[in-house]
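The values are calculated or read from the model by the stated rules, or taken from the named source; none is laboratory data. No experiment lies behind these values; they were computed from the predicted model shown. Every residue, glycine as well, gets a Cβ built from its backbone with ideal geometry; the counts of neighbours run over all protein chains shown. All accessible areas refer to the heavy atoms of the entire protein, side chains included, with ligands and DNA or RNA removed. Shrake-Rupley method; radii C 1.70, N 1.55, O 1.52, S 1.80 Å.
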Amino acid sequence: QVQLEESGGGLVQPGGSLRLSCAASVRTFSRLTVGWFRQAPGKEREFVAGVGRIAGNTLYVDSVKGRFTISRDNARNTVYLQMNSLKPEDTAVYSCAARHEAKVLPMGGMYEYWGQGTQVTVSS
């Protein structure tokens, strides 16, 4: 069983930055593909970014390219989402998810494990 815990959310002004963390409680963390998803009130869940078993294997939704960076530290069993130049439309609950397969996919239904989520609010 894989347990995921997100942290790092909060309130930030437009143009600001936040770094989200997703910590996993599993010894085989390096074999997991991890994705970040977000859901704003009244909207469907949206894929944001994902990282495969190899740190350079990443995928981003177009709306965050150039602003968000996903990375992983296998020694700490943690995946990070560095979010810069935040916009009000980035406001959502951000959740991390993991799957045992190697391919990074943008569909939430392909991920087996989910965290509880952390709120990100971008507002002046």
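To keep it simple, each residue is scored yes or no on (1) in contact (Cβ under 8 Å) with a residue 24 or more places away in the chain; (2) open to solvent by less than 10 Å² (accessible area, probe 1.4 Å); (3) assigned to a strand (DSSP E or B).
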site: Ala55; (1), (2), (3): no, no, no
site: Gln82; (1), (2), (3): yes, no, yes
site: Cys96; (1), (2), (3): yes, yes, yes
site: Ala102; (1), (2), (3): yes, no, no
site: Leu105; (1), (2), (3): yes, no, no
For this session: Scan (1) farther than 16 Å from Gly10 by Cβ; (2) open to solvent by less than 10 Å² (accessible area, probe 1.4 Å) for the single condition Asn74 breaks and write down its number.
Result: (2)
For this session: With the checklist (1) in contact (Cβ under 8 Å) with a residue 40 or more places away in the chain; (2) under 20 Å from Gly10 (Cβ atoms); (3) open to solvent by less than 20 Å² (accessible area, probe 1.4 Å); (4) in contact with a Ser or Thr (Cβ under 6 Å, 6 or more places away or on another chain) in hand, flag the one item Leu86 doesn't pass.
Result: (4)
Problem set entry | Odd one out for Asn57, checked against (1) more than 15 Å from the chain's Cα centre (by Cα); (2) modelled with pLDDT under 95 | (1)
For this session: Can you confirm whether the range 5-19 contains a residue that is open to solvent by 40 Å² or more (accessible area, probe 1.4 Å), in contact (Cβ under 8 Å) with a residue 24 or more places away in the chain, closer than 25 Å to His100 by Cβ and not in a helix (DSSP H, G or I)?
Result: yes
